[in-house]
Amino acid sequence: MKRILALLATCATALGLMAVAGPQAVAATGCKVDYTVTSQWTGGFQAGVKITNLGDPVSGWTLKFTLPDAGQKLAQGWNATWSQSGTTLTATNVDWNRSLGTGASTDLGFTGTFSGANPTPTAFTLNGVACTGSVGGEEPGPTDPAPGGTTPVGVNGQLHVCGVNLCNQYNRPIQLRGMSTHGIQWFSKCYNNASLDALAKDWKSDLLRIAMYVQESGYETDPAGFTSRVNSYVDMAEARGMYALIDFHTLTPGDPNYNLDRAKTFFASVAARNAGKKNVIYEIANEPNGVSWTAIKNYAEQVIPVIRAADPDAVVIVGTRGWSSLGVSDGSNETEVVNNPVNATNIMYAFHFYAASHKDNYRATVSRAATKLPLFVTEFGTVSATGGGAMDRASTTAWLDLLDQLKISYANWTYSDANESSAAFKSGTCNGSDYSSSGVLTESGALIKSRISTSDAFPTS
Ligand code: IDC
């Protein structure tokens, strides 16, 4: 079990009252810090630090705190510029989280080493204002918003797009966190009752993305067979209260119009068959590449009506230019979509990233775009864009903190035992029946499971 230490420190000091003479208003100050050890191993740990500004808006901030044990050392931090001097840690805002309005929060984190004890830090200050408070011990367990412990679909029901968010049946923004299959033409052995039980119960996953490749021995080779396999995965997700994201996994060739007729046939069929279900979301083109936004939009405006005719209320997700990078990987950016959106309602736009390859400039794009476009990270990896290479823990954590903060839903590539570092399970796992013990997880699987298995706290009113 992960160890959670929480510190809730609040302060609402009137610092500055003495310094300011005359009638002008004094800036209200105050902050709350939640400090959580998200994982700990021999000699090392990872911590999340959530800052909430309780005072007037700030347009730049510095957080300082004390590590009580001289053996505690900063290794690497994210979502801020981090440094250590003696036992004092300092974190200064980066560009995209510079502004913190009243009540706004931002999540930072770091990994560290320790020798002996690993006590919770003390003496948090924000812009020099002391945040004194009491240090909590073990955090109470996650509170289930719906007594009786219902599932993600049970609580949230039919989803819809509201402004730039994904909203539940109570018209409240939610974030879904879950996993993507690998190509179902290759890894069907990984999708069975035992593995999906583990995904729903141990991982507490909100969704299963069903990656149905169109080429590479996929749908085009057996349309009826792949359609029925997708439908059976939809049912298996539904039985466990998870959303099912039906991914028409176009990749090569990159122009989705190459598969336009196949897409119309496939979506007409799955939309008619699943129209009565509340757990289905349609993703019409995985990663358009080498093709203009205009061509993608044209494809979307032909496929979406086919889905709507059969299943009018489902959310549809449209891939974006440059491997669903909102154009960034093709030298463009989100403005081409903002200025020329798909002519349809109840839709979102896909954004994909691979943490070791796509960093600050991609995060800056998402931060900007999220104020204007409904985004859904239908696929991301903790590794490089090849699906392999070393896991980038710092970049992955920065990404997931950002997505949490923006309430952007996500699915991780992949819930499989593929022999590549993006897979959550060690090679060979799907030949057995144990999908639950920590021994079957890769480094990526362990990190992602620790992130998505935390409480969702979906709003219910
Ligand atoms: C990769 C798989 C790899 C497979 C390859 C085939 O991880 O095992 O051989 O596809 O095309 C994507 C794609 C996704 C890729 C993944 C990693 O959506 O299909 O999977 N990736 O390269 N976009 C960026 C990365």
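When Trp399 is tested against (1) within 10 Å of the ligand (Cβ to nearest atom); (2) open to solvent by less than 10 Å² (accessible area, probe 1.4 Å), just one condition goes unmet, and that condition is (1).
Looking for something within 14 Å of the ligand (Cβ to nearest atom) and open to solvent by less than 10 Å² (accessible area, probe 1.4 Å) - is there at least one such residue anywhere in the stretch 221-233? Among the residues of the stretch 221-233, not one is within 14 Å of the ligand (Cβ to nearest atom) and open to solvent by less than 10 Å² (accessible area, probe 1.4 Å), which makes the answer no.
Could you identify the single residue in Phe380, Phe425 that is within 24 Å of Ser188 (Cα to Cα), open to solvent by less than 30 Å² (accessible area, probe 1.4 Å) and touching a Leu at 6+ places or on another chain (Cβ under 7 Å)? Of the residues listed, the single one that is within 24 Å of Ser188 (Cα to Cα), open to solvent by less than 30 Å² (accessible area, probe 1.4 Å) and touching a Leu at 6+ places or on another chain (Cβ under 7 Å) is Phe425. Here Ser416, Ser455, Ser450, Ser461 are screened, and the one residue that is modelled with pLDDT of 95 or more, more than 15 Å from Gly381 (Cβ to Cβ) and of a type in the set (Gly, Ala, Ser) is Ser450.
Within the stretch 275-303, being touching a helix residue (DSSP H, G or I) at 6+ places or on another chain (Cβ under 9 Å) and β-branched (Val, Ile, Thr) holds for Val280, Ile284, Val291, Thr294, Ile296, Val303.
Report yes if Ala411 is hydrophobic (A, V, I, L, M, F, W, C), within 16 Å of the ligand (Cβ to nearest atom) and crowded, with 21+ Cβ neighbours inside 10 Å, otherwise no. Judged against the criteria, Ala411 is a match. Taking the stretch 184-216 as the search range and keeping residues that are within 16 Å of the ligand (Cβ to nearest atom) and in a helix (DSSP H, G or I), which one is nearest to Tyr410 (Cα to Cα)? For the stretch 184-216, the residue satisfying everything is Cys190. Counting the residues of the stretch 37-70 that are under 20 Å from Thr81 (Cα atoms), among the β-branched types (Val, Ile, Thr) and surrounded by fewer than 17 Cβ atoms within 10 Å (Cβ to Cβ) gives 2. Would you mind stating whether Ser188 is modelled with pLDDT of 95 or more and surrounded by 17 or more Cβ atoms within 10 Å (Cβ to Cβ)? Spelling it out, it is not the case that Ser188 is modelled with pLDDT of 95 or more and surrounded by 17 or more Cβ atoms within 10 Å (Cβ to Cβ).
Which one is farthest from the ligand (Cβ to nearest atom) among residues in the stretch 249-276 that are in a loop (DSSP other than H, G, I, E, B) and touching a residue at least 24 places away in the same chain (Cβ under 8 Å)?
Step one: of the stretch 249-276, the residues in a loop (DSSP other than H, G, I, E, B) are 250-255, 275-276.
Going one step further and asking which of them are touching a residue at least 24 places away in the same chain (Cβ under 8 Å), we end up with 250-255, 275.
Values: Thr250: 9, Leu251: 5, Thr252: 7, Pro253: 12, Gly254: 11, Asp255: 15, Ala275: 27 Å.
Once the filter is applied, the top-ranked residue is Ala275.
Examine the stretch 375-391 for a residue that is more than 16 Å from the ligand (Cβ to nearest atom) and not hydrophobic (A, V, I, L, M, F, W, C), and state whether such a residue exists. No, the stretch 375-391 has no match at all. The strands (runs of 3 or more DSSP E) found entirely in the stretch 71-116 that carry 2 or more residues being farther than 17 Å from Thr397 by Cβ and open to solvent by 10 Å² or more (accessible area, probe 1.4 Å) are 81-85, 88-92.
Does the stretch 369-389 contain at least one residue that is charged (D, E, K, R), farther than 21 Å from Asp95 by Cα, outside any strand (DSSP E or B) and in contact (Cβ under 8 Å) with a residue 12 or more places away in the chain? Within the stretch 369-389, not a single residue is charged (D, E, K, R), farther than 21 Å from Asp95 by Cα, outside any strand (DSSP E or B) and in contact (Cβ under 8 Å) with a residue 12 or more places away in the chain. Taken over the stretch 234-246, the criterion of being free of Cβ contacts under 8 Å to residues at least 40 places away in the same chain and either within 16 Å of the ligand (Cβ to nearest atom) or not small (Gly, Ala, Ser) (or both) is satisfied by Asp235, Ile246.
Residue by residue through the stretch 278-291, note down the ones that are buried (at least 17 other Cβ atoms within 10 Å of the Cβ) and either closer than 21 Å to Leu207 by Cβ or of a type in the set (Asp, Glu) (or both). Scanning the stretch 278-291 gives Asn279, Val280, Ile281, Tyr282, Glu283, Ile284, Ala285, Asn286, Glu287.
The values are calculated or read from the model by the stated rules, or taken from the named source; none is laboratory data. The structure displayed is predicted, hence computed values, not measured ones. Glycine also receives a Cβ, built like all others from the backbone with ideal geometry; neighbour counts cover every protein chain displayed. Note: accessible area is taken over every heavy atom of the protein model, side chains too, but ligands, DNA and RNA are not part of it. Shrake-Rupley method; radii C 1.70, N 1.55, O 1.52, S 1.80 Å.
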